[in-house]
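Taking it in order: structure first as structure tokens, then the write-up.
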Amino acid sequence: MRDEVKAALEAVLFVRGEAVGLDELVELLDVPLLDLKVIMDELLIEYNNNHRGVQIIMMAGPAYLMCTHPDCSDILSRMERPVRRRLSQASLETLAVIAYRQPVTRAEIEKIRGVKCDKVITSLLERNLIEEAGTKAVAGKPMQYITSEGFLRVFGLTSLKDLPELEEA
Amino acid sequence: MRDEVKAALEAVLFVRGEAVGLDELVELLDVPLLDLKVIMDELLIEYNNNHRGVQIIMMAGPAYLMCTHPDCSDILSRMERPVRRRLSQASLETLAVIAYRQPVTRAEIEKIRGVKCDKVITSLLERNLIEEAGTKAVAGKPMQYITSEGFLRVFGLTSLKDLPELEEA
Amino acid sequence: MTYVVDLEAFHGPMDLLLYLIEKDEINIYDIPIARISDQYISHLQGNDVSDLDNLGDFLLMASYLLNLKSRMLLPRPTVEESTDEADEIDPREELVQRLLNYKHYKEAAATLGMIHEGEMARIFYRNTADEILGPEVIVNDLGSLLKAYRSLLRQLTEEEPSYEIRLEDISVEDKMEEIMSRLAENTGEMVFQDLFLGVRYRRETYALFLALLELLRLQRVVARQSAVFGDIMIYLRGEQHVDER
């Protein structure tokens, strides 16, 4: 029983990834407060008296937080978790127009999409999916856009020739 | 030194919250593969030979995943986690078809469920439970869907092989 | 009727059909089509289905069942060459297969639901939502890109005839402002034709011209043509350019 509660405490702190109040733990595990406190203290000792990469911190409340040990911060800072993200429909459409019609100006993209595209273009530029390719020789000298190397990489193309052919409308 | 590497391994697995490949660990910790393997084996024993709430699973690759022990699922399911939301019956049915038949097209799912599934599919895509997996080489080139990494996380699976077996109709 | 069931509770026609069959403990391989289709239809009639999308799916199944019922009532055509039972295809067979198939995935869904709710032993991943995030990996594939472009082109061809309606927001007042500021940028003068550079739509041309006429009327600008067929120059009024030459 004691071991089960300890395991449950450990699991709850692990999954939550943020501070969990003692009150909440009592409610969750349905164990009297005093018993829980004793078991938690044991768990704290197990975690913190050894040289480990993960520790449990007691905070005001009291609340408990499972987190990494500061000694490991060096390695952890090297480890950045890539964020997997889908492009929004607006980004995809804009990117598609640029891919198939490059070089193309913002006004030309807006004419096709029927909506303002300045923000989308900025975000595509920031994400390194498109780049500027000089101005167009018409009044106002608008900037033209083309797809970038990054675009090819993201969509697994070796060159723009690999873009699927399209029956133009 | 050995303890430091072990602590670092522990910290990395904790922070990542998903499977980390041995290759990546070697690169991150800058320790020779064989040494790392030995230390990792020790860590595995420490974690898994005791009755604990957190375990480390070795997966194909090899890759390592720190996650909770199945014995604690009862308490953890009672815990309100910010990302946890009940899935509707429609979502569950659609996910089931995709999980067991992947890759599968919308028409195939609709044939099985007998109802339109476009909205459900869109919502599953947005919640990152499924993803697109290219088109099927039939007339109309319909998009095919597969389950995502997010699906494994949400359902506590380490791979699609963990899906409960199904008595075939 | 002893059963009052909310249609909304069913996740489609297959679900309802399966319920009717299981309720009466009917052998799925020998479904009394006439009875089941009557029950099915009375369910539809007894319910206010607010969701029309869903209703369509239910009605499709109803017509399929009625078709099946009529085929069951008709005497089977006797094939001259062979009268083997084996060669006869039960019209219900497709329905049975579909029902079994659906049942199969419905059960799988229930299992997934139990796993999700933690009712079955499962592991939990750590909640890493607000962990330090590294570089972004975009997971769209080429198919989605292509699809986006195709739908765009389709919209484009459909909407082309009415395209100019979008430009209702061109106002003469805005164009007056535009002319004034362009004049200011061009040290107070410009060639009439330059006014229309880069203009794509006829409506915009009209608006510009009307704006110019209005500015002339208000005497905020002056237009001057120094020779027949020569350039018409527009000057900002009240500046040195207005002085008589």
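List of remarks:
- Residue in segment C:183-199 that is touching a strand residue (DSSP E or B) at 6+ places or on another chain (Cβ under 6 Å), in a helix (DSSP H, G or I) and at pLDDT 75 or above present: yes
- Of all residues in segment A:139-162 being surrounded by 13 or more Cβ atoms within 10 Å (Cβ to Cβ) and among the polar types (S, T, N, Q), the one that is farthest from C:ILE138 (Cα to Cα): A:GLN144
- Selection status of A:SER73, buried (at least 18 other Cβ atoms within 10 Å of the Cβ), on the phi < 0 side of the Ramachandran plot and of a type in the set (Ser, Thr, Tyr): no
- The set of residues in segment A:10-26 that are within 18 Å of A:GLU46 (Cα to Cα) and either touching a helix residue (DSSP H, G or I) at 6+ places or on another chain (Cβ under 6 Å) or not assigned by TED's automatic domain parsing to the domain that holds A:ASN48 (or both) contains only A:ALA11.
- Pair list, Cβ under 6 Å, 6 or more apart: segment A:129-148 residue under 11 Å from A:ARG106 (Cβ atoms), other residue of a type in the set (D, E, K, R): A:PRO142/A:LYS136; A:MET143/A:GLU132; A:GLN144/A:LYS136
- Failed item in (1) assigned by TED's automatic domain parsing to the domain that holds C:ARG237; (2) modelled with pLDDT under 85, with C:THR128 passing the rest: (1)
- Cβ pairs under 9 Å, 6+ apart, first in segment C:205-219 and without any contact (Cβ under 8 Å) to a residue 60 or more places away in the chain, second of a type in the set (Asp, Glu) and part of a helix (DSSP H, G or I): C:ALA207/C:ASP174; C:LEU208/C:GLU178; C:ALA211/C:GLU173; C:ALA211/C:ASP174; C:ALA211/C:GLU177; C:ALA211/C:GLU178; C:GLU214/C:GLU173
- Scanning segment B:1-58 for residues that are in a loop (DSSP other than H, G, I, E, B) and either touching a Lys or Arg at 6+ places or on another chain (Cβ under 9 Å) or facing chain A (nearest Cβ under 8 Å) (or both) turns up B:GLY17, B:GLU18, B:HIS51, B:ARG52, B:GLY53.
- Taking the numbered list (1) assigned to a helix (DSSP H, G or I); (2) under 30 Å from B:ASP30 (Cβ atoms); (3) modelled with pLDDT of 85 or more in turn, A:LEU95 passes all entries but (2).
- Among the residues of segment B:111-138, those identified as buried (at least 19 other Cβ atoms within 10 Å of the Cβ), within 11 Å of another protein chain (Cβ to nearest Cβ) and part of a helix (DSSP H, G or I) are B:ILE112, B:ARG113, B:VAL120.
- In segment C:106-120, the residues that are free of Cβ contacts under 8 Å to residues at least 24 places away in the same chain, at the interface with another protein chain (Cβ under 7 Å from one of its Cβ atoms) and assigned to a helix (DSSP H, G or I): C:ALA108, C:ALA109, C:THR111, C:LEU112, C:GLY113, C:ILE115, C:HIS116
- Search result, residues across segment A:51-70 that are surrounded by 15 or more Cβ atoms within 10 Å (Cβ to Cβ) and of a type outside the set (A, V, I, L, M, F, W, C): A:ARG52, A:GLY53, A:GLN55, A:TYR64, A:THR68, A:HIS69
- Scanning segment A:3-30 for residues that are at positive phi and in contact (Cβ under 8 Å) with a residue 40 or more places away in the chain yields a count of 1.
- Taking segment B:39-50 as the range and being surrounded by 13 or more Cβ atoms within 10 Å (Cβ to Cβ), free of Cβ contacts under 8 Å to residues at least 24 places away in the same chain and not charged (D, E, K, R) as the test, the residues that pass are B:LEU44, B:TYR47, B:ASN48.
- Taking segment B:139-153 as the range and being hydrophobic (A, V, I, L, M, F, W, C) and assigned to a helix (DSSP H, G or I) as the test, the residues that pass are B:PHE151, B:LEU152.
- Under the condition of being among the aliphatic types (A, V, I, L, M), within 9 Å of chain C (Cβ to nearest Cβ) and under 12 Å from B:THR158 (Cα atoms), the residues counted in segment B:59-80 number 2.
- Restricting attention to segment B:154-169, the residues being facing chain C (nearest Cβ under 10 Å) and not in a loop (DSSP other than H, G, I, E, B) number 2.
- Of all residues in segment A:129-159, those that are at pLDDT below 90 and either of a type in the set (S, T, N, Q) or not assigned by TED's automatic domain parsing to the domain that holds A:ILE98 (or both) total 2.
- Single unsatisfied condition, B:THR105 versus (1) β-branched (Val, Ile, Thr); (2) in contact (Cβ under 8 Å) with a residue 40 or more places away in the chain; (3) under 14 Å from C:ASN140 (Cα atoms): (3)
- Odd one out for A:ASP71 among (1) among the acidic types (Asp, Glu); (2) outside the structural domain of A:SER148 (by TED's automatic domain parsing); (3) at pLDDT 90 or above: (3)
- Residue among A:ARG101, A:ARG85 that alone is of a type in the set (Lys, Arg), touching a strand residue (DSSP E or B) at 6+ places or on another chain (Cβ under 8 Å) and surrounded by 12 or more Cβ atoms within 10 Å (Cβ to Cβ): A:ARG85
The values are calculated or read from the model by the stated rules, or taken from the named source; none is laboratory data. Fair warning: this is a prediction, and the values are worked out from it, not measured in the lab. Positions of Cβ are backbone-derived with ideal geometry, glycine not excepted, and every protein chain shown enters the neighbour counts.
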